[in-house]
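The values are calculated or read from the model by the stated rules, or taken from the named source; none is laboratory data. Note that this is a predicted model, so its numbers are computed, not measured. Here Cβ is always computed from backbone atoms with ideal geometry, including for glycine, and neighbour counts include all displayed protein chains.
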Ligand code: ATP
Ligand code: MG
Ligand code: FE
């Protein structure tokens, strides 16, 4: 079974080929046009997808050593995401499936982030808990099988990735600031500045209070010393990152205790964060979990995660009708 998968939900155009569950290629074209605007501009994203999609698919097939005629199905990200961006990927996938007379497989982007943990060995056993932390979502997902997932906790306001990006913006760092906070935090003292931990009941999260706390903290200190941020950048970044990580990990510990699940993973763009990766390993050691983290290229948006999801859907015979429409928002 050879499947071509396309991801175009936000600002990465990506294509991947998977053969019998083994990823043979994963081509990702990042869009740099958004940097100057400090965030993703939806209309520019759609146009860049249109420009990128043919060469990206072409390269993914070439790298896998395949011709279009070798494909058994074509998969695409159906939801959630930017509607214009999703339309480019879905129209392309439909056209290709129609031309090749093979089935179409629509994939849920957030479920695919979770299944990035199943691309390489060792794969998690079920039940499996995944903390998905990305630019738009923060979820704790309970999985009983690759196609059997439910959300048991999520953010009530900002996502973890937004907390990173908005903090970075307050520090005057360019978009997306998450990876930069990670970089500066490496040499900083995480205990130097204390930011509040929100008291949210159950397994849900909140990050908007942290953003406000950081805003006031910076205003106050800059009033006393205009060079405060420049002089203390590493310690500020380390302290912010430390707080975001402890908010995430405390809820994950709670979720593991409540469900009794010991197979635990992370996924999504923020799972590329070196502090979070280290924290998961340390907490796993302490609590007796078996832990999983996708390879870097499978953390942020990529088509390999869409491909592995499509692989499981193909095996289960779960195909998507040609008249299916993408949607900006969608439940699991
Ligand atoms: P969603 O999947 O919710 O639709 P998205 O696809 O835009 O959102 P991803 O591509 O999964 O999100 O992740 C992007 C986010 O990950 C950004 O907020 C970015 O700052 C963050 N991120 C990436 N690398 C790091 C890192 N090393 N440290 C912290 N955050 C990071
Ligand atoms: Mg992106
Ligand atoms: Fe994503």
Apart from one, (1) in contact (Cβ under 8 Å) with a residue 40 or more places away in the chain; (2) over 23 Å from residue 258 (Cα atoms) all hold for residue 155; the odd one out is (2)
All-but-one check, residue 116 against (1) assigned to a loop (DSSP other than H, G, I, E, B); (2) in contact with a helix residue (DSSP H, G or I) (Cβ under 7 Å, 6 or more places away or on another chain); (3) farther than 25 Å from residue 206 by Cβ, failing number (1)
The one condition residue 182 fails out of (1) surrounded by fewer than 22 Cβ atoms within 10 Å (Cβ to Cβ); (2) farther than 30 Å from residue 290 by Cβ; (3) within 16 Å of ligand 2 (Cβ to nearest atom); (4) at pLDDT 95 or above is (2)
Going by the structure shown, is residue 239 under 25 Å from residue 281 (Cα atoms), touching a strand residue (DSSP E or B) at 6+ places or on another chain (Cβ under 8 Å) and touching a residue at least 24 places away in the same chain (Cβ under 8 Å)? no
Pairs returned, first residue in the stretch 158-185 that is at positive phi, second residue that is modelled with pLDDT of 95 or more, beta-carbon separation under 7 angstrom, 6 or more apart or interchain, are 172/229
When restricted to 261, 253, the only residue within 19 Å of residue 124 (Cβ to Cβ), outside any helix (DSSP H, G or I), touching a residue at least 12 places away in the same chain (Cβ under 8 Å) and more than 14 Å from ligand 1 (Cβ to nearest atom) is 261
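The rows are residues; the columns are (1) within 16 Å of ligand 2 (Cβ to nearest atom); (2) free of Cβ contacts under 8 Å to residues at least 40 places away in the same chain; (3) part of a helix (DSSP H, G or I); (4) touching a strand residue (DSSP E or B) at 6+ places or on another chain (Cβ under 9 Å).
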{"site": "66", "(1), (2), (3), (4)": "no, no, no, yes"}
{"site": "69", "(1), (2), (3), (4)": "no, yes, yes, no"}
{"site": "78", "(1), (2), (3), (4)": "no, no, no, yes"}
{"site": "90", "(1), (2), (3), (4)": "no, no, yes, yes"}
{"site": "98", "(1), (2), (3), (4)": "no, no, yes, yes"}
{"site": "106", "(1), (2), (3), (4)": "no, no, no, yes"}
{"site": "126", "(1), (2), (3), (4)": "no, no, no, yes"}
{"site": "131", "(1), (2), (3), (4)": "no, no, no, yes"}
The residue from 48, 5, 29 that alone is without any contact (Cβ under 8 Å) to a residue 40 or more places away in the chain, in contact with a strand residue (DSSP E or B) (Cβ under 8 Å, 6 or more places away or on another chain), in a strand (DSSP E or B) and more than 13 Å from ligand 1 (Cβ to nearest atom) is 29
Reported set for the stretch 157-175 where residues are surrounded by fewer than 23 Cβ atoms within 10 Å (Cβ to Cβ), within 18 Å of the chain's Cα centre (by Cα) and either more than 10 Å from ligand 1 (Cβ to nearest atom) or not in a helix (DSSP H, G or I) (or both) is 157, 158, 175
Within the stretch 290-332, residues being within 18 Å of the chain's Cα centre (by Cα), within 15 Å of ligand 3 (Cβ to nearest atom), at pLDDT 95 or above and assigned to a loop (DSSP other than H, G, I, E, B) number 7
Just one listed residue, out of 99, 93, 64, is more than 21 Å from residue 323 (Cβ to Cβ) and over 19 Å from the mean Cα position of the chain (by Cα), and it is 64
Screening 149, 110 for residues that are touching a residue at least 60 places away in the same chain (Cβ under 8 Å) and away from ligand 2 (no atom under 16 Å from the Cβ) leaves only 149
